[in-house]
Amino acid sequence: MGFFSRIKRLWKGRREDKVEEYKAPSLSVESEKEKREGKRDVDDTQWKRQLRLELQSATPKLSIWLDILLQDIGEAGDKLWERLFFLFETLDVPPEEARSFVDSFKKWLKEMEYSSLEEFRSELQYRLALALDLEDEEDEQSRLFLKLSEGLSRTKEHLTRRIDALLSRSTAFDEDFWEEMEEILIMADVGFNTTLRLVERLKIRTREEKLSDPERFKEIFKEELALLIPRPGKRIRPLPPEVVLMLGVNGVGKTTTIAKLAYRETMQGKKVMLAAGDTFRAAAIEQLEVWAKRIGCGFYAKEAKSDPAAVAYEALARAKKEGYDVVFVDTAGRLHTKVNLMEELKKIKRVLGKQHAGAPHRTVLVLDATTGQNALSQVKLFNEAVGVDEIILTKLDGTAKGGVVLGICVEYNIPITYVGLGEKMEDMRPFDPKRFAEALLG
């Protein structure tokens, strides 16, 4: 039973059933508790009525719910907990799930030493979005778009301004125009092959539409850019535990990424274990253990210098025995050009498959966006060794080389599933090609 399991089913039913009109939970004007007490505070009644009305709307709007809920709340305390419980009670959330959510949030506030609203509001909204399965609603997508636009600001400055300048001084889409366009894209780390492919598609579209309008050209650019990026295929969850093998060289933010993935799964009600398979790097085991404690998930490790494959095998055995839903297996990240590391990764993959059919079910490569074209060589090496199912791109907020997203996707046809846009847990978000194109060229 995960956080707010009943509510997830409610949202899911609304999304999948396009014929039957969505019906919100039946919300009385006055709660049973209020009736029993026979009295109500006037101010309390006002925000409760506002919240009930919003909860009955056909489209969930999490930020509006929080605006109402957090009226006149400046810091965490009993008033906040009471209002959160009111929200959960109104939505008919099982009491034990509501209590688990609030207790987890209280623990996080204590660890972070946060108390004021401006410090924790964004985190609270992110947790609710995950727990309620509302991350893909328009409200949350708008927040993601703003975050993505901010994160791509340096890339936009390098790429978009040069494209705008080219369009403003060009009188026709001639050979000179296309040559300069190719130069702009290559300088933005899009990559040579990807640049040629993108430019060729743009040439075809401009000829077909007999294009002369620069604004229309930018719209076509966004469309073609988004179409080049592969999307993750439909995935059926395997029999638990699902095993995720994490790859990446040192320094890309792999440990933090594992923590963020585990955090997402935990907030969605999954029982998660982290397995410390990077047994060679100094302090790698300790770092992962700290994250496991902070997130509140399981952890398995052996002493430093242990056989990484043995760690993975034993961790998975324990996860099966203790009923875990997801296991993230960390791996070493140094010497990615040396045969011995790649052979070690192959061994880990083999022993996981022996312990649990189909494992690892996902192989995820973490890349640092600031490394530009060097990221492409890492994809090639890891993909040849063990196969890469998906890529997570970190540090997208600190680079002028965001064009590498295109090069990676097109060159290897591997989807990017998440992008890192900062240090906070909420700063790793699902990657959407259309929103990426809009944020980059908008």
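The values are calculated or read from the model by the stated rules, or taken from the named source; none is laboratory data. These numbers were taken from a predicted model, which means no experiment stands behind them. Positions of Cβ are backbone-derived with ideal geometry, glycine not excepted, and every protein chain shown enters the neighbour counts. Each accessible area value is taken on the protein alone, full model and side chains, heavy atoms only, with ligands, DNA and RNA left out. Shrake-Rupley method; radii C 1.70, N 1.55, O 1.52, S 1.80 Å.
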Checked pairs for the stretch 123-147, first closer than 21 Å to residue 266 by Cβ, second among the basic types (Lys, Arg) and in a helix (DSSP H, G or I), C-beta under 8 Å and 6 or more apart or across chains, list as 125/143; 130/264; 132/8; 133/8; 133/12; 144/435
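Table: residues versus (1) modelled with pLDDT under 75; (2) hydrophobic (A, V, I, L, M, F, W, C); (3) not in a helix (DSSP H, G or I).
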{"residue": "111", "(1), (2), (3)": "no, no, no"}
{"residue": "114", "(1), (2), (3)": "no, no, yes"}
{"residue": "140", "(1), (2), (3)": "yes, no, no"}
{"residue": "145", "(1), (2), (3)": "no, yes, no"}
task = Answer with yes or no whether residue 385 is open to solvent by less than 10 Å² (accessible area, probe 1.4 Å) and either in a helix (DSSP H, G or I) or touching a residue at least 12 places away in the same chain (Cβ under 8 Å) (or both).
result = no
Of the listed residues (68, 64), the one being open to solvent by less than 40 Å² (accessible area, probe 1.4 Å), in a helix (DSSP H, G or I), among the aliphatic types (A, V, I, L, M) and modelled with pLDDT of 70 or more is 68
If we keep only residues of the stretch 394-425 that are in a helix (DSSP H, G or I), open to solvent by 10 Å² or more (accessible area, probe 1.4 Å) and at pLDDT below 85, then the residue nearest to residue 222 (Cα to Cα) is 410
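Yes or no, residue by residue, for (1) touching a helix residue (DSSP H, G or I) at 6+ places or on another chain (Cβ under 7 Å); (2) of a type outside the set (Ser, Thr, Tyr); (3) exposed (fewer than 15 other Cβ atoms within 10 Å of the Cβ):
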position	(1), (2), (3)
159	yes, yes, no
184	yes, yes, no
193	yes, yes, yes
198	yes, yes, no
210	no, yes, yes
216	no, yes, yes
Boolean, residue 136 is part of a loop (DSSP other than H, G, I, E, B) and at positive phi: no
Residue pairs qualifying under the 8 Å Cβ cut-off, at least six apart or on distinct chains, with the first in the stretch 305-326 being in contact (Cβ under 8 Å) with a residue 40 or more places away in the chain and the second being acidic (Asp, Glu), are 308/278; 308/344; 309/344; 325/242; 325/265; 326/242; 326/265
Notebook entry, point to check: Condition test on residue 364, is it open to solvent by less than 30 Å² (accessible area, probe 1.4 Å), part of a strand (DSSP E or B) and modelled with pLDDT of 85 or more?
Noted result: yes
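Residue-wise test of (1) over 30 Å from residue 173 (Cβ atoms); (2) in a helix (DSSP H, G or I); (3) out of contact with any Pro (no Cβ under 7 Å at 6 or more places or on another chain).
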| residue | (1), (2), (3) |
| --- | --- |
| 211 | no, no, yes |
| 232 | yes, no, no |
| 239 | yes, no, yes |
| 259 | yes, yes, yes |
| 262 | yes, yes, yes |
| 279 | yes, no, no |
| 289 | yes, yes, yes |
| 293 | yes, yes, yes |
Within the stretch 348-357, the residues that are out of contact with any helix residue (DSSP H, G or I) (no Cβ under 8 Å at 6 or more places or on another chain) and open to solvent by less than 60 Å² (accessible area, probe 1.4 Å) are 353
(1) in contact with a strand residue (DSSP E or B) (Cβ under 8 Å, 6 or more places away or on another chain); (2) more than 23 Å from residue 424 (Cβ to Cβ); (3) charged (D, E, K, R); (4) open to solvent by less than 40 Å² (accessible area, probe 1.4 Å) all hold for residue 254 apart from (2)
